[in-house]
Amino acid sequence: MIDRNELTPSRIVEELDKYIIGQDEAKKSVAIALRNRWRRQNVVEALQNEIVPNNIIMIGPTGVGKTEIARRLSKLANAPFIKVEASKFTEVGYVGRDVESMIRELMSIAINQVNAQKLEEVEQKALTKAKEIILDKLISPLSIERTPEESNEEYNNRIERYQRSRNKMKAKFEDGELDERKIEIEIKDDTKNPNVEVFSNNSFEMIDLNISDMIGNIMNKKGKAKKKEMKIKDALNFLKSQEAQKMVKKENVIEQAKDLVENHGIVFIDEIDKIASDDKRGNADVSRSGVQRDLLPIVEGSNVPTKHGIIKTDHILFIAAGAFHISKPSDLIPELQGRFPIRVELNSLTSSDFEKILTYPKNSLTKQYIALFSTENVELKFTDQAISAIADYSSKANEKMEDIGARRLHTILNKLMEKYLFEMPEVDYKEVLIDDALVHEVISDVVQNEDLSRYIL
């Protein structure tokens, strides 16, 4: 993981280039926005609260990298990230999701993220503790308690014999010789679930209730322990997890998660064009502008109540995106427009872009299919001419039908690989070569037949 101090704008763009082809302006804008967060943390404290994030609107067709840019950005910054669809905040009769729910969900994501990191930090300590618990089950330390009639010499001799026996048992345990042996361990029946949270549209979430606590108290089960027989290899994993959870303090996790959300959280609001309208008449616009007005205070900066306390949204980075085929950003209410000062347009992908997408990124589709085929002990190869043909057909399909960007590559490649994916491993393929002749044979008729292509691609 890259240190935040080293995430200069050029380094951020360099990292994004490994996964996203083109869209240089968008990458540059998000890189500056991310670096500005680090800069804010390093100015004098009196000014920190005055520096607000420059929220961004990305404009462009689907499948050109809008979501991927935001997601990769959050991974680079090791920041809590959530993607929401603006259109889900309104439905028939303007009964939609509570817009504040995205901040509560972001907090839950941050808690899970911090908890996982802290569990990883104590993993080795927890493993050592779990091994000691299992060894105590196999050869109890109670057996070395001194009896009144024992002399010092007798007691010391018994201690030495016990230690030799324990060391032998430990060696067998470490070598895996005892993996299948069964032991009895205690499992605490704790009905408490710290992650239960109430979501509603009537501010009921202000009441910090833990429903599972109430149920646990009513049933009088919380804290009871039961014994269960397990294989040692399973018991080791269970006890390691149990001991790690004991070592991680919940209050520290919540405190760190809250700081992460408030200072590094990223909310990606997709389909924001669906709540913009240039038609100022009719009920539909009432609903859309209503959602915009609900979003406004959160984007401006407000206090959102959650089960884990109040979350301030002043310094959360909001990245909005939309195709804006029918509407345009200026159709948003002026107050919301003002909260997204940075606007970048993402370009439709060309055939050349598709070629790069197929081969250059670390997670390119061709590399994914090569890995999938290798699980069946089949070597998959693509010729350069085949890559060019796939890219060309993807570009033509996007021109003839709706432009779905890089997602068209998925449909083309799936059609191309369908035969092999179905027949493996019954058919004994050793090597599969995808050349341009095969691409033309499988794809050309589908692309040329518009009705067929709309159905298949």
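Annotations for the structure displayed:
- For beta carbons closer than 8 Å, sequence separation of 6+ or different chains, a first residue in the stretch 411-426 that is farther than 22 Å from residue 392 by Cα and a second that is of a type in the set (Asp, Glu) and not in a helix (DSSP H, G or I), the qualifying pairs are 424/376; 425/376.
- Residues of the stretch 110-169 satisfying the condition of being charged (D, E, K, R) and under 42 Å from the mean Cα position of the chain (by Cα): 118, 120, 121, 123, 125, 129, 131, 132, 136, 137
- Search result, residues across the stretch 244-292 that are among the β-branched types (Val, Ile, Thr), at pLDDT below 90 and touching a Phe, Trp or Tyr at 6+ places or on another chain (Cβ under 7 Å): 291
- Scanning the stretch 424-446 for residues that are charged (D, E, K, R) and closer than 19 Å to residue 368 by Cβ gives a single hit, 431.
- Residue among 149, 132, 180 that alone is closer than 12 Å to residue 232 by Cβ and either out of contact with any Phe, Trp or Tyr (no Cβ under 6 Å at 6 or more places or on another chain) or part of a strand (DSSP E or B) (or both): 180
- Cross-chain or 6+ apart pairs with Cβ under 9 Å, the stretch 336-352 first and under 19 Å from residue 325 (Cα atoms), then assigned to a loop (DSSP other than H, G, I, E, B) and of a type in the set (Asp, Glu): 348/403; 349/403
- A residue that is open to solvent by 70 Å² or more (accessible area, probe 1.4 Å) and β-branched (Val, Ile, Thr) can be found somewhere in the stretch 301-310.
- Among the candidates 438, 372, 358, residue that is open to solvent by less than 20 Å² (accessible area, probe 1.4 Å) and not polar (S, T, N, Q): 358
- Flag if residue 114 is farther than 30 Å from residue 332 by Cα, in contact (Cβ under 8 Å) with a residue 40 or more places away in the chain and out of contact with any Leu (no Cβ under 8 Å at 6 or more places or on another chain): no
- Taking the stretch 1-86 as the region of interest, the helices (runs of 4 or more DSSP H) fully inside it that hold 2 or more residues being open to solvent by less than 70 Å² (accessible area, probe 1.4 Å) and either modelled with pLDDT of 90 or more or not charged (D, E, K, R) (or both) are 9-17, 24-41, 66-77.
- In summary, residue 171 fulfils each of the numbered conditions (1) open to solvent by less than 60 Å² (accessible area, probe 1.4 Å); (2) at pLDDT below 85 with the single exception of condition (2).
- Against the criterion of being open to solvent by less than 40 Å² (accessible area, probe 1.4 Å), at pLDDT 90 or above and hydrophobic (A, V, I, L, M, F, W, C), residue 116 does not qualify.
- Taking first residues from the stretch 241-264 that are under 24 Å from residue 315 (Cα atoms) and among the basic types (Lys, Arg) and partners that are part of a loop (DSSP other than H, G, I, E, B) and open to solvent by less than 70 Å² (accessible area, probe 1.4 Å), the Cβ contacts under 8 Å between residues at least 6 apart in sequence or on separate chains come to 258/308.
- Filter pass, residue 443 being in contact with a Lys or Arg (Cβ under 8 Å, 6 or more places away or on another chain), assigned to a helix (DSSP H, G or I) and open to solvent by less than 10 Å² (accessible area, probe 1.4 Å): yes
- Some residue of the stretch 204-211 being in contact with a Ser or Thr (Cβ under 6 Å, 6 or more places away or on another chain) and at pLDDT below 55: no
- Test: residue in the stretch 35-48 that is touching a residue at least 40 places away in the same chain (Cβ under 8 Å), of a type in the set (S, T, N, Q) and closer than 23 Å to residue 340 by Cα: yes
- Taken over the stretch 6-35, the criterion of being of a type in the set (S, T, N, Q) and touching a strand residue (DSSP E or B) at 6+ places or on another chain (Cβ under 9 Å) is satisfied by 23, 29.
- Complete set of residues in the stretch 376-397 that are part of a strand (DSSP E or B) and either of a type in the set (D, E, K, R) or open to solvent by 30 Å² or more (accessible area, probe 1.4 Å) (or both): 379, 381, 382
- Consider the stretch 398-431 and keep the residues that are modelled with pLDDT under 85 and of a type in the set (A, V, I, L, M). The one that is nearest to residue 61 (Cα to Cα) is 404.
- Scanning the stretch 98-112 for residues that are open to solvent by 20 Å² or more (accessible area, probe 1.4 Å) and touching a Pro at 6+ places or on another chain (Cβ under 6 Å) returns a single hit, 109.
- Residue within the stretch 318-329 that is among the aliphatic types (A, V, I, L, M) and under 18 Å from residue 255 (Cβ atoms) present: no
- For the stretch 119-146, the set of residues classified as open to solvent by less than 50 Å² (accessible area, probe 1.4 Å) and free of Cβ contacts under 8 Å to residues at least 60 places away in the same chain consists of 135, 138, 139, 140, 144, listed by residue number.
- The listed residue being closer than 24 Å to residue 111 by Cα and either more than 20 Å from the chain's Cα centre (by Cα) or not polar (S, T, N, Q) (or both), out of 83, 18, 66, 27: 83
The values are calculated or read from the model by the stated rules, or taken from the named source; none is laboratory data. Model, not experiment: these values are computed from the prediction. Using ideal geometry, Cβ is built from the backbone for each residue, glycine included, and neighbour counts are taken over all protein chains shown. These accessible areas exclude ligands, DNA and RNA; they are computed on the full protein's heavy atoms, side chains included. Shrake-Rupley method; radii C 1.70, N 1.55, O 1.52, S 1.80 Å.
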